[in-house]
Amino acid sequence: MAARVLVGVKRVIDYAVKIRVKPDNTGVVTDGVKHSMNPFCEIAVEEAVRLKEKKLVKEVVAVSCGPQQVQETIRTALAMGADRGIHVEVSGKDYDSLGPLQVSKILAALAKKEEASLIILGKQAIDDDCNQTGQMTAALLDWPQGTFASEVAVEGDKLKVIREVDGGLETIKINLPAVVTADLRLNTPRYATLPNIMKAKKKKITNVKPGDLGVDLTSRLEVLRVDEPPQRQAGVKVETVEDLVGKLKEAGRI
Amino acid sequence: MAIFERFTRLKSASRFLQYTTALCPAHSWAPTRGPLLRPAGWIQHRCVHGERSEASSAAPPRRPFSQVTPADLDFFRQLLPGRAITDPDVLESSNVDWLKSVKGNSEVLLRPKTTDEVSRILSYCNQRNLAVSPQGGNTGLVGGSVPVFDEIILSTALMNQILTFDSISGILTCQAGCVLESLSQYLEEQDFIMPLDLGAKGSCHIGGNVSTNAGGLRLLRYGSLRGTVLGLEVVLADGRVLNCLATLRKDNTGYDLKQLFIGSEGTLGVITAVSILCPRKPKSVNVAFLGMLQYFLTFQACRGMLGEILSAFEFLDASCMNLLEKHLKLTNPITESPFYIVIETAGSNAAHDEEKLHNFLEKVMTSSLVTDGTVATEEAKIKALWSMRERITEALRHDGYTYKYDISLSVEKIYDLVTHMRERLGDRAQNVVGYGHIGDGNLHLNITSPSKDPALLAAIEPYVYEWTSQYQGSISAEHGLGLKKRNYIYYSKTPEAVTLMGNIKAMLDPKGILNPYKTLPDDIC
């Protein structure tokens, strides 16, 4: 059975925060803005912890790539039940240009190094909405993938994954080792309770550099410009049906 | 049983029985248990009023105000084109309170936009001797926000303009009809917050909050409206506009008139504009949800270790949690406990606050004061934890007919009332729950029954008020008196005080047209 599960957790701007674009249109404002764990990553952690509680996996390792602050995110995963954490140190320009290609290379290298047999990720991050990391990681490792998972069940040395697709639900069976990406309805993440938060303080987080894993962080993408979406124009209230018809005619709609 | 019922009905109907002390419920337990703080004469006086308690929350007979005539309607329609409403469907919701417990018969709803319009309305109504019921968001819980008979409803719904905001001093001036949540949203963009927050924020108007001296969840940290309101613009009963809309932090020039109107529940004047001091938005907010066997010692520890960053300390009991799970399908974030506490910290430095909070949590966990808990720093989780406390009122509404009591007592004694009422009522009540602003010594005692039950009500009132009075508590900590509790004022205030209140009312509103039948007891007006 899968001995070790790797869970990727990304530190993103909290989804309740109002996003502001930087005045120079090169990106969004992140300084002093509340960050938290990507909601889909939370679901991934929850699933990994549940597998451990069912004694189907032995160890859950939480991984995050970024500067010092991502340690908070790893601690949250530890408080939810992960056993240990790995902080892949990426900062400055490298962090700004860090995207799915680089992260998937890192995760693939870590999976080999840690001898993980299952990787669970969130289906996408709420800041870039790429939805690529899970798929790329599977491809780099040449492992099967069960993406948009709304249910995961272990059946011997295989995984049964029910996927949410446009037409409904698709059930597939894939061999382990595999990559699974979590969709919204996979589970409801638990609240980290105080005893676990206290325990998490003592759990280990190892620091690793991308160079140590033999990963090249150069990005093939260049951000040209970031803009806010166009402001929604206010509507007009009309008093009578005649007014409505008149306004529609004015707008050339009828 | 039946004989007793007939007897009590006879008792309320025939006034000459009221002085028979043998029948007075209060007389049977003269306060020999506690210190005798009130003079003996007062007990006698209270006896008289205790006697009337069977009928005292019900409305008194209609006073001889004029009735609205077509000529009056013409005047209103001319003054407020399109905003003098007589459509019964629209009036329906303004005639009934949020709890759906009291209903008036007003036929006119006025929606002024300016102070001048309010002034002209009141001047006219004063001349014509027409009663007026001012109405904000209609979220009050004591029947004070809706007419009793055919009073004209004066709504602040269209007086929703923000006038000024000074981002250096944090002083906001706005019209009385601004919805609290809208003000919060406006301020948040400027990095400030309103000094008060309550469950009804999506509907309540700031004018209504001020005229009822609303408390809420942040009182522990920012104090009451009596401290944060810097100025008011009020229209008096005869239409005179009283402009005390200062925006000064300190102004000791003469009597502080605004204090009269704060908490006067619309009976001394109609508030049309407010200037209020707003605190900076805290950079770091944390919420902890804890379960414990008893709350008092945790409160002590909290005050000691969290000190200045503590911004809210609320509690709910296991019965509340059951209702939340049953009616609103919310899940308990932690293991079941007899009491749950919601603690909020707000400060300017995340690292500093988190360290303090974690030290506090470690201490209470290791000393077993707390049995389980969880902490949140992300907005979404914070909202989820707060909803465990904020949505109890909603859950209660689904449970049946609710009898609501809002009591102020010393922190150690507070929950005793809940256990006591549970014992006393036994199976007669469906649920007896307690929750509230324990940090302020304010308990919300709620009792539910499948439907309105006069026998249950008789077992609760006036006993609950007597119990409170015995421990020198307030029978209405923050909800006010309104219609329902007006006659119970004597449980918490002396007759001299109430008489003086009557004098002030007579001076400011000689014809008594402003929100009649509310706040002051029937024997004063």
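Compactness of the range B:283-391, taken as the C-alpha radius of gyration over 2.2 N^0.38 Å, stands at 1.01. What is the list of residues in the range A:149-166 whose amide nitrogen lies under 18 Å from a point 7 angstrom out from the Cα of A:Lys55, following Cα to Cβ? Only A:154-157 fall inside the zone, counting backbone N under 18 Å.
Between A:Ile19 and B:Glu181, the modelled label-to-label distance comes to 2.4 nm, taking each label 7 Å out from Cα in the direction of the beta carbon. Would you mind checking A:Lys58/A:Lys204; B:Lys413/B:Lys493; A:Lys93/B:Lys283; A:Lys93/A:Lys209 for any pair whose Cα atoms are more than 18 angstrom apart? Cα-Cα > 18 Å for B:Lys413/B:Lys493; A:Lys93/B:Lys283; rest within. Computed extension length for B:Glu308-B:Lys363: 18.0 nm, one decimal, from 0.36 nm per residue of separation with the Cα-Cα distance subtracted.
In sequence order, the range B:422-430 has phi-based couplings of 4, 5, 5, 8, x, 7, 5, 9, 6 Hz under the Karplus curve 6.51 cos²θ - 1.76 cosθ + 1.60, θ = phi - 60°, and Gly or Pro positions carry x.
For each pair in A:Lys54/A:Lys160; A:Lys22/B:Lys383; A:Lys55/B:Lys381; B:Lys356/B:Lys381; A:Lys54/A:Lys203, compute the distance between the two Cα atoms and list the pairs where it is over 18 Å. The answer is A:Lys22/B:Lys383; A:Lys55/B:Lys381; B:Lys356/B:Lys381; A:Lys54/A:Lys203. With viscosity 0.692 mPa s and temperature 37 °C, the Kirkwood radius over alpha carbon pairs of the range B:400-479 converts through Stokes-Einstein to a diffusion coefficient of 263 µm²/s. Looking only at the range A:45-61, which residues have a backbone nitrogen under 16 Å from a spot 7 Å from the Cα of A:Leu176 in the C-beta direction? The answer is A:47-61, whose backbone nitrogens lie closer than 16 Å to the label point. Ignoring lysines fewer than eight residues from B:Lys250 along the same chain, the ones with Cα atoms less than 17 angstrom from its Cα are B:Lys258. From least to most packed, judged by other beta carbons within 10 angstrom and beginning with the fewest, B:Glu325, B:Glu314 follow the order B:Glu325, B:Glu314. This model, with +1 at the C-beta of Lys and Arg and -1 at the C-beta of Asp and Glu, gives chain B a dipole about its Cα centre of some 1160 debye.
Exposure proxy shown here: for B:Ser203, B:Ser93, the number of other Cβ atoms within 10 Å sets the order, fewest to most, as B:Ser93, B:Ser203. Inter-label distance, B:Asn243 to A:Asp31: 4.4 nm, where each label sits 7 Å from its Cα along the C-beta direction. In this structure, the amide hydrogen of A:Val90, modeled 1.01 Å from its nitrogen in the peptide plane, lies closer than 5 angstrom to those of A:Gly66, counting only residues at least 5 positions away or on a different chain. Listed by Cβ neighbour count within 10 Å, with the fewest neighbours leading, B:Met321, B:Met305 appear as B:Met305, B:Met321.
Based on DSSP H segments of at least four residues, each scored -39500 (n - 2.57), chain B has a per-residue ellipticity at 222 nm of -10000 deg cm²/dmol. Taking each residue as 0.36 nm, the span from B:Tyr471 to B:Ser348 lengthens on full extension beyond its C-alpha to C-alpha distance by 40.4 nm. Full extension of the segment from B:Asn129 to B:Asp251, taken as 0.36 nm per residue of separation minus the current Cα-Cα distance, would add 40.3 nm.
Between the beta carbons of B:Arg226 and B:Leu79, assuming R0 = 35 Å, the FRET efficiency works out to 0.55 to the nearest 0.05. Take the convex hull of the alpha carbons in chain B; its mean projected area over all directions comes to 25.6 nm².
Take chain A and mark each of the GluC sites (Glu not before Pro) that is in a DSSP loop with at most 15 other Cβ atoms within 10 Å; the longest unmarked stretch, sites excluded, is A:1-114. Mean sequence separation of contacting Cα pairs (under 8 Å, at least six apart), scaled by the length of the range B:400-479, corresponds to a relative contact order of 45 percent. Taking the square roots of 5 times each eigenvalue of the Cα gyration tensor of the range B:162-277, largest first, gives ellipsoid semi-axes of 21, 16, 14 Å.
So if the hydrodynamic radius of the range A:115-254 is defined as the Kirkwood radius over C-alpha pairs, what does Stokes-Einstein give as its diffusion coefficient at 20 °C and 1.002 mPa s, in µm² per second? D, rounded to a whole number, is 105 µm²/s. Positive end of the dipole of the protein assembly as shown (Cβ unit charges, origin at the Cα centre): among B:Asn243, B:Pro70, B:Gly254, the Cα lying farthest that way belongs to B:Gly254. Summarising the amide proton neighbourhood of A:Thr147: residues at separation of 5 or more, or on other chains, whose placed amide H is nearer than 5 Å comprise A:Thr181. Restricting the calculation to Cα atoms, every distinct pair contributes to the Kirkwood radius of chain A, found to be 19.9 Å. Label sites at B:Glu355 and B:Gln430, each approximated as a point 7 angstrom past Cα along Cα to Cβ, lie 5.1 nm apart.
Here's how it looks for B:Ile152: its modeled amide H is under 5 Å from those of B:Ala131, B:Val132, B:Ser133, which are all 5 or more places away or on a different chain.
Could you let me know the centre-to-centre spacing of the range B:253-319 and the range A:11-39, using Cα atoms, in angstrom? First find each Cα centre; the distance between them is then 31 Å.
Using the Karplus relation 6.51 cos²θ - 1.76 cosθ + 1.60 with θ = phi - 60°, the per-residue 3J(HN,Hα) values for the range B:148-164 come to 8, 10, 10, 4, 6, 8, 10, 9, 8, 3, 9, 9, 10, 8, 7, 8, 9 Hz, with x marking Gly and Pro. The three principal axes of the C-alpha atoms in the protein assembly as shown carry coordinate ranges of 95, 72, 53 Å, sorted with the longest axis first.
In this structure, A:Val154 and A:Lys202 have a Cβ-Cβ separation that, at R0 = 30 Å, corresponds to a calculated FRET efficiency of about 0.55.
Laboratory data are not the source of any read-out in this text; all were calculated from the coordinates shown. Remember, it's a predicted structure, so these values are computed and weren't measured experimentally. Neighbour counts run over all protein chains shown; Cβ positions are idealised from the backbone, glycine included.
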